[in-house]
Each structure stands twice: as C-alpha cells, then as structure tokens.
Amino acid sequence: MLSVYVDLGLGLVLSFLLLSLLVSGLNEAFVRLLAIRSKFLWAYLRDTMDGSDAEGRSWLPAKARDVFGALPFVRDPRPVHSDQPAPAETAELPARETKAEDVMTKLLYERVREIDHPKTGRTSIANIPPGRFAGAMMEMAAADPGSVDGLLEKLKAMRSPLHGHLKGVWESAQRDMDRFRQGVETWFDTEMQRLSMLYRRYVKWVVAVLGLAVTLLFTMDGLEYAKTLLRDNAFRASVTAVAEAGPDAYNELKARCEQSNPVPCITDTLSQPALVKVFDHAIVSLSIPEGEDPAIHWNGAAWWDRLTTLSHWPGYLLTYIALLFGAPFWWDLFRRITGIRSRH
C-alpha cells in the first residue's frame, strides 16, 4: 500500500514539474523576446547616473504593469548599439548637462560596449560585472584633471544621483584610489543584488499569469489526475517508469540521471508517452500511437465544456497553486523521492 502512495506522489510531482518547466520556458521566452532584463538594467543605470528624464519621470518602473507594458513598448532606456571598441581615451565630462543628453549613461556604455551585441539597434547588455563598472568609473576619474574630486564636482554640477553614492565611497576610502575602486565595486555589486531581487519580484507576476494560462489551456485538474493514478495501476506504473515497488524501484531512473545534467534528463523522462496524458484535455492535444508519428488534434469544444464545468475548478486551483512553487521546487522534491543527487 505504501508503494502505491509513493507512486502517486511521484506521478503528481512529475506532472507538476512538467507543467512548471513549461511555465518557466514560456516566461524565459517572453523575457528574452522583449529584452526585459536588459531594459530593466539600463532603466536603473539611467536613474542612478543621469536621474529622471526630461519630464521628471523615473526610468525604473514602479509597478509590475509598467515593467511589462511601458518598459518593453513605450520607453526603451537602452543606449543605441555600437559595434566599435571603446575609444582609447575617455571623454571628459561636461560642466553641466541637460536631461535630454544622458551623458553619464552614454559614457558608461562607451566603456563597456565590447561585451555587447546588437538587438533591434539597441544594446543587449543585461549584466555588467561590478569590476567592469568600477573600472569604468576609474577611467572617467582619470580623464578628469581633478581626478576623483574633479569627477565628483562635475557630477554634482550635473545633478547626477551618482554623485552622492561615489562621494560616500570616496570619503569611506579616505581618498585612497585602490580602496575607492574596491568600494565602488562592492557598492555596485550590492546594487545589482538589490535590483535582481526587485526584478524577481516583478517576474513573479508574469509566472503567476502564465501558470494560470497553462492550467486553463491544458485544463489540468490535479485532483482528477491523482484519482486516475490511484485507480489505474497500469497508468501509474507507466508514469513512474519503474518495475515493481521496493528498495530498488528507482534504480533505472537513477542510473539514467545521476551521472548527467538533471534538467535534460528529467525533460527526456517527462517526454515519455505515458506523461503526454497530462495534455489529453488541452485545447490542442497530442497523441503518440505506438510505432506511429505523433498526431495533434483540436479539442476546442470539449475543452470549453470541461473548462466551464465547476466540478473541475478545485482541481484547477490545486494545479495553479502547485505551479506557483516553480520548477526548482518540484525538481528538488522529485530528487528527494527518487534519491537522485544533484551534481555540484
């Protein structure tokens, strides 16, 4: 009896993992298509280095709807891509700046553009190593006759928010150049960690929306699926992909996965015909007859009838909540059940 519930748990974990991987893949495709990471980084850099735009608006969105609405389509904060290497000498900062010029952002891009590649005419840089940022600041300071003090004076005259950050680091370093560079690197690394946390908080909303869409498009009733696993011994055995329950029940799966990258391995496992049953009630279903090519079927009428049946909604809610935990959670749980160890 215990083995039945172990197989039931494994079958549910596999199905939730499969759907979570689908949600993660859709989210990654969405983020890459709209270059959200790169735009988010450069929105922060513009706010930090040059301040708000000519109309007094912050570049970094304050609401989730702005991250995935205004940021991708209305206000692209990224500099124009250049395929030229950084100039041999850093340009000196002007004494003053108008909001439309974004001098500091352009100078920073000028120093880091060797790591860039074009995307729709704009930079695709989504991550600047802290050491590279600190090096760019040191190069700007070296180009100024007054060194760091001269740079700080010009940043103050330009009303750049970066002035306050660098001045604090400069004073903390007791005007020592090596300590100043290390301080800038540490400060920028901390800022990137804070920005990543903010970014992940916004992305959770996208994952939530995609999880709901996947649940409803596939009309995945977690309760119904669990009942099928309990009642259908043959199906349960095919999902768990093992022989008979016992101490060596998962040896085949372990032998296949523990010596390789677990993600491709589990993806291959989840692609087995038995698990395609998860998608049987989707608006578009896939069947894999034995010895034949896969076939795709349109199930619009049956899907709508199933979607509007209230008795399925508790199961949809269970599935949706499960998907909110994310693929890493379900992979870790799957690994614990089967005893597969992740390679480090």
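The numbers here are math on the coordinates, done by the rules we state, and not lab data. Since we're looking at a predicted model, the values are computed, not measured. Every residue, glycine as well, gets a Cβ built from its backbone with ideal geometry; the counts of neighbours run over all protein chains shown.
If the chain between Arg201 and Ile337 were fully stretched, how many nm would it gain, using 0.36 nm times the residue separation less the Cα-Cα distance?
46.0 nm
Please give the length that would be gained between Ala142 and Ala126 if that part of the chain were fully extended, namely 0.36 nm times their separation in residues minus their C-alpha to C-alpha distance (nm, one decimal).
Gain on stretching Ala142 to Ala126: 3.1 nm.
Between Asp189 and Leu317, what FRET efficiency follows from the Cβ-Cβ distance if R0 is 35 Å, with the result rounded to 0.05?
0.30
So, in Å, what gap is there between the alpha-carbon centers of segment 212-229 and segment 3-22?
12 Å
Local charge sum around Trp170 (other residues, Cβ-Cβ under 11 Å, Lys/Arg +1, Asp/Glu -1)?
Local charge sum for Trp170: +1.
Quick check on packing: order 41-54, 72-85 by the mean number of other C-beta atoms within 10 Å, highest mean leading.
So the order, starting with the most tightly packed, is 41-54, 72-85.
Tally Lys/Arg at +1 and Asp/Glu at -1 over every other residue whose Cβ is under 13 Å from the Cβ of Arg111; what's the total?
Numbers: positive: Lys106, Arg113, Arg132; negative: Glu89, Glu110, Glu114, Asp116, Glu139.
That sum, taken over residues with Cβ under 13 Å, equals -2.
Given a Förster distance of 25 Å, report the FRET efficiency between Leu307 and Lys227 from their Cβ-Cβ distance, rounded to the nearest 0.05.
0.85
Using R₀ = 25 Å, calculate the FRET efficiency as 1/(1 + (r/R₀)^6) where r is the Cβ-Cβ separation of Asp176 and Ala86; round to 0.05.
After rounding, the FRET efficiency stands at 0.45.
By how many nm would the segment from Val209 to Glu153 lengthen if fully extended, with 0.36 nm per residue of separation less the alpha-carbon distance?
15.4 nm
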